[in-house]
Amino acid sequence: MADIAVLGHGVVGSGVLEVMLTHRESITRRAKEEIHVKHILDLREFPELSYAASFTKDFQVILQDPEVKIVVECMGGLEPAYTFVKQCLSNGKSVVTSNKELVAAKGAKLLALAQRNNLNFLFEASVGGGIPIIRPISQCLAANEVGEIAGILNGTTNFILTKMIREHMEFGEALALAQQLGYAERDPSADVEGADACRKICILASLAFGTHVYPEDVHTEGITRITLEDVAYADAWGGVIKLIGQVKMLESGKITIMVAPMFISRESQLANVDDVFNGILVRGDATGDVVFYGKGAGKLPTASAVVADVIDCVKHFKARKYLFWEDAKPGYVEPFGSVLDAFFVHIKGESSSDAVFAQAEEKFPGAARIIRKDEMPGEAGFSVSGITENDLQAALSELAASGISVLNRVKISDF
Ligand code: HSE
């Protein structure tokens with residue numbers, strides 16, 4: 001029998017208990033021994049539950065129990081999760097976590113600590129919930145050189161954008177609906193401002209290239225400035241707007257990494273990933289594009305990934321599974337502003353749309369006009385390519401100085 005402990009009985013933690021109880025027999029068969037949840041750490045009380053006697057409010061009970069060999073961390077947030085996980089790994093306990101904040105911020109340190117102590121630190125549920133993505137990148141695609149990963153990594157924002165695209169709902173209304181349906185938190189800032197997707201693309205980049213990339217090194221834009229007009233221009237261009245986390249390995253050995261709303265072509269594999277679903281495209285040199293699709297959040301999908309890690313951990317008590325992330329050398333992440341890219345630009349002036357576009361064309365030779373349905377007088381949209389963000393902003397400032405309002409600019413993707 002393998003004794004484990006679960007830290008946190010919130011959405012994911014309670015899901016882990018539910019999955020363990022519902023699938024007890026098949027889990028035992030697959031792990032080759034019975035897995036028993038001996039302790040559950042939570043400050044709240046749950047007297048109505050059949051396993052109420054397993055709760056403790058004292059982490060030391062778990063840390064000091066020599067029978068507990070695996071601790072499942074489902075608390076979320078950086079602290080006290082980081083302190084608890086460090087203590088577990090320093091005291092002979094392997095750790096399974098669903099905590100993306102923790103892995104994105106401390107992954108390299110915790111992987112190294114696990115390795116030093118001959119333990120496992122597994123985090124399949126930290127990106128993409130129930131979508132298998134950590135193992136596929138680190139094991140199944142290991143014979144490839146992965147050159148690029150691009151993904152729709154946040155269900156809340158994908159739901160909001162889908163409502164804007166399909167039902168022409170304003171951003172605020174779509175966000176309120178997402179909250180009403182329980183898809184968005186009461187404080188949705190980490191979702192709509194891109195921080196959640198940023199943590200996930202950092203984890204994927206660290207896995208794919210073996211160098212830990214931290215969220216603070218990544219250019220992050222959310223979707224709060226996306227309007228229905230931008231959505232209509234994307235449609236006229238031949239695509240949709242999605243919030244994308246993207247990392248690319250450059251020939252120089254540096255990477256570009258960002259989270260940003262992007263125009264993506266209707267032909268793209270990610271264009272039809274809608275509602276709360278996530279989609280992740282991994283470009284390998286031998287495989288070409290491999291796409292993963294499914295529910296990126298939610299109690300049972302996430303819990304299923306956690307329990308799969310626990311089973312793996314039990315099966316590998318004697319054979320550890322090592323991942324190692326180096327710390328990045330200075331300059332490893334190419335600054336967003338200096339990378340050649342393509343952009344959609346939305347402007348408005350006092351004269352006709354044709355005259356406004358002609359003014360813009362002087363600053364952006366080769367700009368391709370995009371005309372949306374119901375375009376307003378003086379409004380113009382166009383795409384430019386082969387330009388850096390820094391040069392784009394400089395030219396847009398000059399345009400603004402000549403009386404043209406710059407309403408938005410959105411990156412155009414190349415996948
Ligand atoms: N709020 C997140 C999302 C949950 O919408 O995808 C999973 O990280």
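The values are calculated or read from the model by the stated rules, or taken from the named source; none is laboratory data. Because the structure is predicted, anything quoted here is derived from the model rather than measured. Cβ sites come from the backbone with ideal geometry, for glycine too, and all protein chains shown count toward neighbours. These area figures cover heavy atoms from the full protein model, side chains too; ligands, DNA and RNA do not enter into them. Shrake-Rupley method; radii C 1.70, N 1.55, O 1.52, S 1.80 Å.
Consider region 142-180 and keep the residues that are polar (S, T, N, Q) and without any contact (Cβ under 8 Å) to a residue 40 or more places away in the chain. The one that is least open to solvent (accessible area, probe 1.4 Å) is Gln179.
Within region 181-197, work out how many residues are more than 18 Å from the chain's Cα centre (by Cα) and either away from the ligand (no atom under 14 Å from the Cβ) or open to solvent by 100 Å² or more (accessible area, probe 1.4 Å) (or both). Step through it out loud before you land on a result.
Of region 181-197, the ones more than 18 Å from the chain's Cα centre (by Cα) are 181-182, 186.
Going one step further and asking which of them are either away from the ligand (no atom under 14 Å from the Cβ) or open to solvent by 100 Å² or more (accessible area, probe 1.4 Å) (or both), we end up with 186.
Final tally of qualifying residues: 1.
Just one of the numbered conditions (1) free of Cβ contacts under 8 Å to residues at least 12 places away in the same chain; (2) closer than 30 Å to Lys254 by Cβ is not true of Glu362: (2).
When region 142-156 is filtered for residues that are more than 18 Å from the chain's Cα centre (by Cα) and within 16 Å of the ligand (Cβ to nearest atom), nothing remains.
Which count do you get for residues in region 248-283 that are within 16 Å of the ligand (Cβ to nearest atom) and either among the acidic types (Asp, Glu) or assigned to a strand (DSSP E or B) (or both)? Of the residues in that region, 8 qualify.
Please state which one of Ala286, Ala297, Ala305 is within 16 Å of the ligand (Cβ to nearest atom) and either over 17 Å from the mean Cα position of the chain (by Cα) or at pLDDT 95 or above (or both).
Details: Ala286 fails: within 16 Å of the ligand (Cβ to nearest atom); Ala297 fails: either over 17 Å from the mean Cα position of the chain (by Cα) or at pLDDT 95 or above (or both).
Matching residue, one of Ala286, Ala297, Ala305: Ala305.
Screening the candidates Ala355, Ala367, Ala401 for the property of being in contact with an Asp or Glu (Cβ under 6 Å, 6 or more places away or on another chain) and among the aliphatic types (A, V, I, L, M) yields one hit, Ala367. As a summary of the residue check, Gly245 satisfies the conditions (1) over 21 Å from Ile201 (Cα atoms); (2) within 16 Å of the ligand (Cβ to nearest atom); (3) of a type outside the set (A, V, I, L, M) except for the one numbered (1). Scoring Gln139 on the criteria (1) over 23 Å from Gly239 (Cβ atoms); (2) within 14 Å of the ligand (Cβ to nearest atom) leaves a single failure, condition (2).
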